[in-house]
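I have placed the structure first, in the form of structure tokens, so that the comments after it can refer back to it.
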Amino acid sequence: MSKIEDIVDSLENKISKVLHKLEVLKQTNAKISEELAIQQKKNMSQQEEISSWADKYEALKMANSLLGSDENNRETKLKINSLIRDIDHCIAQLSE
């Protein structure tokens, strides 16, 4: 009978260790999930900042070309032509 008790004790001990390991893994998973969420928010914030800087850079390039820089003249002329077309389209719609 002692042998069966030893086997049961051994099983109980192993089950206890597995349950403890499961709990530790759950805590680790929760911690990693929280860190992931923080990093995703940080990444999104950085993407928004990059987008903002890209917009500012484009505006600066256009302003620079309007001031006489030859580097971006073509882009500026295309942008101005596009804006003029948009304004003409709006005026046409208003006059209808």
Which number do you get for Rg(Cα) / (2.2 N^0.38 Å) in the chain?
-> 2.66
Which whole number of Å³ per residue matches the convex hull of the alpha-carbon atoms in region 8-49?
-> 29 Å³
Hey, what angle do you get for helix 73-95 against the long axis of the chain, alpha-carbon based, 0 to 90 degrees rounded to 10?
-> 80 degrees
Count of Lys pairs (Cα-Cα under 26 Å; at least 8 positions apart or interchain) in the chain | 17
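FYI, it's all coordinate maths here, none of it is from the lab. Predicted model, so just to flag it, every value in this text is computed and none were measured.
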